[in-house]
Amino acid sequence: MAGALVAGLVVPLAGLTGFGSEEVVDSLRGLPQQLTAQPPDVRTRILADDGSLIATLYDENRVPVGLDKIAPSMRQAIVAIEDSRFYQHGALDLQGTLRAMIRNHADGTQQGGSSITQQYVKLTLLENARTPAEQRAATAPTYQRKLTELRYAIAVEQQFSKDEILDKYLNLANFGDGTYGVQSAAQHYFGVNASQLTLPEAAMLAGIVKNPSGYDPVSNPMPAKDRRDTVIARMLQLGVISVAEANTAMRTPVIDLSQVRTVPNGCANSPYPFYCEYVLSKLLQNPALGDTVQERDRDLKTGGLTIRTSLDPRIQAAAQRSVDEHTKPTDNTIAAITVVQPGTGLVEAMVQSKPYGEGRDETAYNYNVEKSYAGGYGGFQNGSTMKAFTIAAAIQQGIPIDYKINSPQQIDLSGVRFRTCDGSTRDLNYQPQNSTRSGDFTMVDAARYSVNTYFLQLSEKTGLCAPATIAAKLGMYNAQTLKPLDQVVSFTLGVGYVTPLMLSDAYATFAARGVYCQPLLVTSITDQAGKAIATPAESCKQVLQPWVADGVNRVLSAVMQPGGTGGNLSFGNWDLAGKTGTINNNLAVWFSGYTPNLAAAAVVADATPPYTNLMFGHQLNGQDIADPTGSGTAGPLWESAMREALQGLPVERFVAPPSRVLGSLPG
């Protein structure tokens with residue numbers, strides 16, 4: 001019978017299976033002669049810029065290691081309990097296999113007998129199964145499946161050495177409690193690498209593979225101990241260990257639950273969940289990870305990728321401390337800050353006041369980003385921060401920054417036509433007014449005091465197409481609809497919905513002297529072998545002439561000077577520029593500012609539908625907001641975050657604009 005099994009694998013057992021021998025032979029003749037093994041699922045890591053861990057993604061928690069990185073005691077234990085003659089027999093242990101098959105047929109029990117090679121084949125077929133039908137076929141309790149595995153086992157033994165097979169098996173096996181592969185199991189149960197496993201630890205892990213749930217030491221410590229001691233006894237019986245070693249090992253506690261370490265899975269368990277989810281949304285758009293979103297999602301959870309991101313933990317911590325200092329999760333307003341590096345587009349921090357979750361005073365919304373994925377909130381109206389684009393348009397058109405306009409408290413623009421890219425527009429009933437000063441102002445002073453009537457008249461002179469075009473080149477669009485910002489008469493006072501990420505990145509363009517960089521979150525992706533996978537790289541382009549950006553920097557620097565709306569936010573020896581923003585009914589207030597090193601935008605807003613209440617009377621940091629403004633409400637968040645984030649960075653200076661931009665003003 002053994003000889004027939006080796007030769008044909010089928011005929012002598014046909015009667016046991018209920019099939020005719022000819023039928024079974026025909027069935028098995030069609031089998032591939034070589035097992036095609038898909039790479040096993042391996043967990044992916046998302047890292048910060050400094051290499052620290054942001055999140056782990058996996059379907060199966062597995063970290064492959066070479067056999068030389070697995071302790072000898074582990075190799076000895078698994079061979080002893082699962083296939084003690086593994087290195088002596090061929091693809092199968094005929095004595096054990098036939099004994100088990102005959103006994104199982106005779107009394108209906110299910111006795112083992114599979115060699116390690118056969119077990120590896122079974123695990124591989126199960127790992128390769130993608131559909132429920134394939135999974136049922138891989139575990140069907142039939143002799144035909146067993147014979148199929150035997151045929152594959154012979155092919156595997158011809159293709160790989162015994163050590164290679166053992167290595168593959170130990171990296172594929174289920175070791176219970178959500179761990180796959182011996183390295184993950186060693187780290188999970190004992191907090192060590194597989195190379196550091198002791199005899200009792202190795203014996204426990206070797207015992208688990210027969211019944212990963214039944215011998216799970218976390219939920220079933222007593223059965224796990226009995227099984228471990230069985231493994232130790234078998235090792236002693238085979239002469240692998242001494243009596244003294246066996247006795248010592250059996251006296252060792254099976255597990256110290258305080259040492260059990262679970263690998264958090266997914267962005268929800270990340271220290272930076274909102275940033276992580278936004279990164280994940282960008283990765284799911286990357287065609288290099290698969291042709292469809294489903295394929296990309298699977299690759300991210302099974303491909304063993306290493307994904308490096310732009311997040312700077314030091315700057316992230318600075319922004320988080322600012323939010324913690326100035327807000328509370330129980331506030332009925334939200335606060336959010338994004339920090340971007342000028343000249344690269346690296347998104348170095350992304351923080352908000354409501355923590356991640358589904359409970360009270362928690363949220364799944366990311367208030368820093370556009371509505372392009374399930375978690376994106378989609379921004380807020382941004383008020384006078386839009387004046388920066390009107391300033392850039394005026395300078396670009398040759399209007400010097402000393403240009404004066406009589407700016408009364410209120411003006412009547414009803415029916416006045418403003419040029420657009422497609423013609424013109426007007427508002428039949430529009431009588432805007434200032435919330436600060438009125439008078440005869442230069443562009444610099446109008447920005448310093450955020451004079452609405454000045455910038456409305458300036459945008460009438462420049463037309464709406466120029467500032468709208470500049471804003472678009474600097475990455476500004478409607479964060480709700482993902483369409484271009486509307487060219488309306490009030491464009492310079494705020495239009496559409498924008499995000500802190502969008503606004504900080506746009507202002508970073510001024511800091512970089514007109515070089516716009518698309519926001520960059522994923523800086524590299526490598527596979528298990530360290531091979532690079534394509535990812536959108538740094539994408540920067542000169543969209544404003546440097547002297548135009550220099551002029552904007554000169555104007556917005558005045559905002560940070562004494563008497564300016566951002567004068568109380570100035571600190572240190574830094575060159576600072578910025579702009580406040582407040583929308584109608586004060587439902588959102590902003591401060592966006594920058595140095596040559598960093599740009600950041602902070603918003604405080606009412607994010608609770610139906611948005612009918614003014615922010616007067618809303619709470620921030622547990623206190624009623626008496627006067628919600630960009631400088632007094634959002635500004636302190638920006639200031640404390642930037643003050644700390646800039647520590648240790650070199651002091652850089654803005655470049656003075658040419659005289660034709662300055663007019664009569666000093667440089």
Only listed residue being modelled with pLDDT of 95 or more, buried (at least 19 other Cβ atoms within 10 Å of the Cβ), over 30 Å from residue 275 (Cβ atoms) and hydrophobic (A, V, I, L, M, F, W, C), chosen from 54, 81, 46: 81
Would you point out which residue out of 641, 656, 607 is out of contact with any Ser or Thr (no Cβ under 8 Å at 6 or more places or on another chain) and in the same structural domain as residue 455 (by TED's automatic domain parsing)? 656
Test each condition in (1) closer than 24 Å to residue 652 by Cβ; (2) surrounded by fewer than 24 Cβ atoms within 10 Å (Cβ to Cβ) for residue 507 and report the one that comes out false. (2)
Scan segment 546-558 and tell me whether some residue there is more than 22 Å from residue 638 (Cα to Cα) and surrounded by fewer than 22 Cβ atoms within 10 Å (Cβ to Cβ). yes
Among (1) within 19 Å of the chain's Cα centre (by Cα); (2) touching a residue at least 40 places away in the same chain (Cβ under 8 Å); (3) at negative phi, the one test that residue 364 misses: (2)
Can you say whether residue 446 is at pLDDT 95 or above, out of contact with any Lys or Arg (no Cβ under 9 Å at 6 or more places or on another chain) and assigned by TED's automatic domain parsing to the domain that holds residue 621, as far as the supplied structure shows? no
Does residue 224 satisfy the condition of being assigned by TED's automatic domain parsing to the domain that holds residue 185, within 16 Å of residue 72 (Cβ to Cβ) and either surrounded by 16 or more Cβ atoms within 10 Å (Cβ to Cβ) or in contact with an Asp or Glu (Cβ under 7 Å, 6 or more places away or on another chain) (or both)? no
If you go through segment 281-294 one residue at a time, do you hit one that is in contact (Cβ under 8 Å) with a residue 24 or more places away in the chain, of a type in the set (Gly, Ala, Ser) and touching a helix residue (DSSP H, G or I) at 6+ places or on another chain (Cβ under 8 Å)? no
Quick test for you: out of 436, 453, pick the one residue that is assigned by TED's automatic domain parsing to the domain that holds residue 593, over 42 Å from the mean Cα position of the chain (by Cα), outside any strand (DSSP E or B) and modelled with pLDDT under 95. 436
Does residue 354 qualify as being within 19 Å of the chain's Cα centre (by Cα) and assigned to a helix (DSSP H, G or I)? no
Requiring at least 1 residues that are hydroxyl-bearing (Ser, Thr, Tyr) and surrounded by 19 or more Cβ atoms within 10 Å (Cβ to Cβ), the strands (runs of 3 or more DSSP E) wholly within segment 560-667 are 577-582, 588-594
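The values are calculated or read from the model by the stated rules, or taken from the named source; none is laboratory data. The structure displayed is predicted, hence computed values, not measured ones. Cβ coordinates were reconstructed from backbone atoms using ideal geometry, including for glycine residues, and neighbour counts include every protein chain displayed.
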